[in-house]
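*Asks:* This is the structure, below, for whatever I ask next.
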Amino acid sequence: MMEHAPALVIAFPLFAAFASHLIGRLGSRIRDIWVFASLLLTWLFAVFLNLEVMQRGTYAYTLGADISSLASPAGFPVRIVLVIDGMSALIAFMAVSVTLASFIYSRRFMERVSGGGESADRYCSLVLLFLAGMLGMGLTGDFFTLFVFLEMTSISSASLVAFFRKGSSFEAAFKYMIISAINALFLLFGIGMIYSQYGLLNMAAIANEMVLNFSFLDKVALSLIVSAILLKLGSVPVHMWKVDVYQKVPSSVAVMCITSSLVGIYVLSRILFSVFFSMSALTGWMIVCLGSLSIIVGVSMALPQKDLKRMIAYASIAEIGYVMLGIGTGLAGMSSTFGTVALSGGVFHIINDALDLGLMFLIAGAVFYATGKTGISKLGGIAHRSASLSVLFIIGMLAVSGIPPFNGFVSKLIMYESVFCLNPVLSVIGILGSILMLSVFVKVFASVFLGSPYKGKFREIPLSMTAVMWIFALLIILLGLFPGLALDGLVSPAVEALLGHGIYMGVII
Amino acid sequence: MISTGMGSWSPLVFLICVAFISVVVQIIRSLGEGGFRKEEDKAEAFFSGGRLLIKNRVMDVYWGFFDAMGRYYGWMKRMHNGIVNDYVYWFVLLVTVVIGVVILL
Amino acid sequence: MIMKVLLAMVVPVAGILIGLLYKGIDRILAARMQGRVGPPLVQPLRDVRKLLVKENIVPDDAVGWLFSSMPFVALVSVMAILLYLPLGITPVLEGYGDLILVLYLLIIPSLALVLGGFASSSPYASVGGQREMVKMMSYEFPLAIAVISVAWLLYSSGAENVFSLSVISGTHVWGLAGIPGLAGLAVIFLCMLFVIPGELGRIPFDVSEADSEIAGGIFAEYSGRNLALFYLADAVKAVAIASLAVALFLPYTVSGIFGLGGAAAPAADFLFHLLKVFFVLFVSSTVVRVVTGRLAISRVVSVYWKYPVILSFLGLLLIMGGTLI
């Protein structure tokens with residue numbers, strides 16, 4: 001059964017999503033146990049995938065074939081093929097781990113803010129669907145499956161945005177649906193152009209064909225696909241929907257939304273590294289410019305915000321900018337040492353971004369749970385009521401800004417010391433961005449946590465929420481203290497997998 | 001201990017040194033007085049002119065920065081107006097720029 | 001190895017004493033320039049001893065654990081920076097930390113000041129805290145450009161390990177990029193000297209601790225041993241930032257000229273380094289302190305983000321042009 005892990009990792013959450021609604025009829029405890037067990041099982045599958053990749057290297061899995069790794073029985077690929085390599089296994093593992101943590105956190109959180117019963121059933125199904133979509137996008141080997149899972153992610157996250165049925169949530173969900181419709185449309189348009197040219201949908205097979213005859217239409221298709229994915233990521237100049245969405249989504253889901261943006265980055269790098277690698281210098285520079293703009297706009301717009309979650313949303317736009325900086329330099333300098341180093345910095349920053357900003361959103365959720373407010377003008381002096389929450393916030397704040405000895409510093413160090421070879425101004429923008437990010441979070445800390453003691457109602461934060469937050473903080477500290485382990489074990493296989501487009505093609509053909 | 005091509009960083013050595021320095025600083029700190037004799041109103045925040053009427057409202061933070069960057073922020077806030085049509089216009093602009101760059105260069 | 005461990009223990013403590021010495025010299029020279037006599041050289045040491053005897057008052061509404069731990073964090077972090085900087089001799093923790101680390105570690109003392117100010121629950125301290133934060137945002141821009149420019153210059157002239165401080169202080173950067181490079185580096189050195197009073201909170205950039213405007217600003221509620229620790233942190237920070245400027249731009253050693261060897265060489269280099277640090281601090285901090293007035297906080301932002309940034313970018317362009325020739 002373990003040999004079918006790639007398919008099960010996607011299929012099982014899908015099945016569990018629909019089953020959880022039925023099981024929810026039996027009682028909320030049983031449903032919670034069911035969801036937790038299925039998430040745990042998916043997590044084990046993802047761990048198994050990672051171990052397999054470390055052993056075997058890149059491999060393919062064809063759905064429904066007799067021999068699962070035989071992707072092209074007649075010289076061209078048939079059936080849905082999933083390709084597991086270092087990078088996709090890492091992203092899948094991250095997605096499942098974050099969802100598992102977010103579910104443990106959300107049990108008590110959703111009880112308080114929405115009341116149990118039907119809406120909780122809905123929440124569980126939507127979260128599992130969201131996870132299945134992310135995993136599908138992360139593991140897939142062909143374009144059309146990518147599109148299908150992208151739609152699945154958009155629909156489930158749009159429902160989650162509108163979860164609290166208030167006017168502002170509906171407005172955010174409406175905006176998000178328009179954006180995701182445009183996103184999917186342009187992606188499909190680009191895929192259609194490629195299909196009309198080559199008659200193939202499998203990414204590696206298309207890459208193989210493109211080596212010989214790369215035409216004008218391919219360039220147009222590339223631009224459309226890249227624009228669509230940039231829209232999904234939330235890079236400047238199409239970042240504005242992200243802020244509205246992150247503000248209205250429940251905090252535990254906000255953590256998953258960050259991960260879905262990071263899956264979007266994975267998709268971008270997969271397409272640009274393994275399929276369109278002949279245009280790597282040009283696309284690399286484009287990604288680098290958009291990334292630096294994202295850093296600048298993200299931190300500068302985060303400063304004047306008055307709502308806690310909007311601020312963290314703008315900060316996440318800036319962090320995506322950092323990852324784009326790393327990946328873009330990896331593309332532009334694909335044949336030199338600094339490119340490889342920058343790419344490993346970017347990939348490590350993906351992990352750090354999920355942890356750091358995830359912790360920030362969880363803390364924002366905890367503050368909302370305890371006080372019922374998210375506007376920073378109404379909060380203040382929370383540190384007097386909950387010292388552990390403020391310590392967690394300080395850890396998260398220092399990690400996001402990249403202060404040693406936390407994990408953010410390591411990935412930023414690696415990026416600065418390689419990106420400056422491409423252009424020194426990029427490193428300067430990075431350093432400036434990190435100091436401005438620090439000022440954003442110091443403002444939040446001072447407004448929300450410090451000051452005279454908080455006079456309003458302050459509910460006790462339940463153990464499950466605190467435990468998940470401390471697990472995130474612990475991971476931040478551990479990754480900061482032992483960066484070598486993460487770099488050798490998780491990041492290097494991913495970097496090698498991205499750079500080895502020959503191996504990627506060889507697995508399918 | 002990691003080393004990029006151009007530099008290196010070892011968190012463990014850093015923490016060992018910080019631990020040692022903390023001991024030194026703690027020695028210096030312990031040379032001083034720990035507490036204070038509690039008198040009337042001694043521990044109230046200093047606010048020349050008597051009692052503090054408004055307790056801390058840390059809302060208008062970073063006034064100096066926003067004042068100095070006034071024009072930039074005015075422009076930025078006008079662009080981020082929350083209307084979906086404008087979001088789509090920005091996307092169309094992005095597609096145009098990307099197509100232009102990819103095709104012409 | 002034993003030598004390294006011994007140095008790692010001695011250097012931070014020596015940093016405190018040297019910092020207090022520089023503070024004393026600074027006060028005497030500033031006083032003479034203003035036509036006064038000035039306090040004796042050991043006055044800063046006496047100030048610290050006085051502060052240690054006073055009561056340590058913690059305000060009622062302050063977040064106690066944060067309020068009391070911030071001075072500790074400030075002093076520890078700034079002493080740790082000294083271990084990574086070349087003080088005439090090679091850095092004590094050579095190979096374990098580089099230039100970017102020093103740049104980020106310099107943020108921590110100022111951050112401790114800001115958080116301490118905010119934790120004081122005094123309106124004056126909050127204003128001081130946010131002013132300090134805005135000041136930090138402002139001067140990091142030219143500082144970052146200066147640091148990256150020097151590293152880039154070394155990289156494009158083919159050096160290995162360009163961010164390692166021993167490599168930077170071992171290479172003479174002034175001759176590497178021809179005449180345009182020399183001009184560019186001079187401009188960037190000027191901007192770096194301009195950053196130093198901002199980093200140290202000296203006039204014209206002492207907005208955060210403006211005695212006459214906001215009653216001491218960040219330090220309004222601090223007293224006793226906490227204030228003593230902040231005072232010491234300020235003294236050591238002067239040594240740290242000046243040593244960074246010296247390491248980047250004035251990396252010359254004396255022992256080569258005089259042909260010294262053995263144990264005399266590091267000692268002579270160390271003394272020469274102290275001389276260079278004094279020169280940098282005198283030019284950028286003491287002289288500027290007595291001739292200018294305080295800048296308003298919005299001015300601080302524009303003063304740092306207009307001219308130094310433009311000049312530094314100009315310097316960077318000159319350097320890039322110089323390497324192409």
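*Asks:* If you check C:A146, C:A177, which single one turns out to be of a type in the set (G, A, S) and in contact with a Cys (Cβ under 8 Å, 6 or more places away or on another chain)?
*Replies:* So the residue among C:A146, C:A177 that is of a type in the set (G, A, S) and in contact with a Cys (Cβ under 8 Å, 6 or more places away or on another chain) is C:A146.
*Asks:* OK, next. Among the residues of the range A:269-305, count how many are touching a helix residue (DSSP H, G or I) at 6+ places or on another chain (Cβ under 6 Å), farther than 29 Å from B:K77 by Cα and in a helix (DSSP H, G or I).
*Replies:* 10
*Asks:* Out of all the residues in the range A:453-468, is one or more in contact with a helix residue (DSSP H, G or I) (Cβ under 8 Å, 6 or more places away or on another chain), of a type in the set (S, T, Y), more than 11 Å from chain C (Cβ to nearest Cβ) and assigned to a helix (DSSP H, G or I)?
*Replies:* Yes, the range A:453-468 contains a residue that is in contact with a helix residue (DSSP H, G or I) (Cβ under 8 Å, 6 or more places away or on another chain), of a type in the set (S, T, Y), more than 11 Å from chain C (Cβ to nearest Cβ) and assigned to a helix (DSSP H, G or I).
*Asks:* Continuing with the same structure: Just checking, does the range A:137-151 include any residue being of a type outside the set (A, V, I, L, M, F, W, C) and under 18 Å from A:L262 (Cβ atoms)?
*Replies:* Yes, the range A:137-151 contains at least one residue that is of a type outside the set (A, V, I, L, M, F, W, C) and under 18 Å from A:L262 (Cβ atoms).
*Asks:* Hey, another quick one. Can you find a residue in the range A:403-417 that is outside any helix (DSSP H, G or I), of a type in the set (F, W, Y), within 18 Å of A:A315 (Cβ to Cβ) and in contact with a helix residue (DSSP H, G or I) (Cβ under 9 Å, 6 or more places away or on another chain)?
*Replies:* In the first step, residues of the range A:403-417 are kept if they are outside any helix (DSSP H, G or I); the result is A:403-406.
Now drop any that are not of a type in the set (F, W, Y), which leaves A:406.
Checking the rest, the ones that are also within 18 Å of A:A315 (Cβ to Cβ) come to A:406.
Checking the rest, the ones that are also in contact with a helix residue (DSSP H, G or I) (Cβ under 9 Å, 6 or more places away or on another chain) come to A:406.
Yes, some residue in the range A:403-417 is outside any helix (DSSP H, G or I), of a type in the set (F, W, Y), within 18 Å of A:A315 (Cβ to Cβ) and in contact with a helix residue (DSSP H, G or I) (Cβ under 9 Å, 6 or more places away or on another chain).
*Asks:* Given the conditions (1) at pLDDT 90 or above; (2) surrounded by 24 or more Cβ atoms within 10 Å (Cβ to Cβ), and given that A:I271 satisfies all but one, which numbered condition is not satisfied?
*Replies:* (2)
*Asks:* Also, I was wondering about something else. Restricting attention to helices (runs of 4 or more DSSP H) lying wholly within the range C:199-313, give those where 1 or more residues are over 21 Å from the mean Cα position of the chain (by Cα).
*Replies:* On the way: elements: C:211-214, C:224-249, C:255-258, C:264-281, C:287-291, C:297-305.
Filter on the range C:199-313 gives C:211-214, C:224-249, C:255-258, C:264-281, C:297-305.
*Asks:* Do the conditions hold for A:V238, that is, is it under 19 Å from B:L93 (Cβ atoms) and either acidic (D, E) or buried (at least 24 other Cβ atoms within 10 Å of the Cβ) (or both)?
*Replies:* Taking the combined requirement at face value, the residue satisfies it.
*Asks:* Now for a separate question. With the condition kept exactly as written, say whether any residue in the range A:102-118 is in contact with a helix residue (DSSP H, G or I) (Cβ under 8 Å, 6 or more places away or on another chain), of a type in the set (F, W, Y) and farther than 26 Å from A:V161 by Cβ.
*Replies:* No.
*Asks:* Does A:A254 meet the test of being surrounded by 24 or more Cβ atoms within 10 Å (Cβ to Cβ), touching a Lys or Arg at 6+ places or on another chain (Cβ under 9 Å) and not aromatic (F, W, Y)?
*Replies:* Yes.
*Asks:* Among the numbered criteria (1) within 9 Å of chain B (Cβ to nearest Cβ); (2) more than 19 Å from the chain's Cα centre (by Cα); (3) crowded, with 19+ Cβ neighbours inside 10 Å, which one does C:R49 miss?
*Replies:* The number of the failed condition is (3).
*Asks:* Right, something else. Which ones in the range C:9-64 are free of Cβ contacts under 8 Å to residues at least 40 places away in the same chain, among the charged types (D, E, K, R) and within 17 Å of C:F230 (Cα to Cα)?
*Replies:* Result: C:R46, C:R49, C:K50.
*Asks:* Could you figure out which of (1) within 12 Å of chain C (Cβ to nearest Cβ); (2) modelled with pLDDT under 90 isn't true of A:I435?
*Replies:* Condition not satisfied by A:I435: (2).
The values are calculated or read from the model by the stated rules, or taken from the named source; none is laboratory data. Model, not experiment: these values are computed from the prediction. Please note: Cβ atoms are built from the backbone with ideal geometry, for glycine as well, and neighbour counts cover all protein chains shown.
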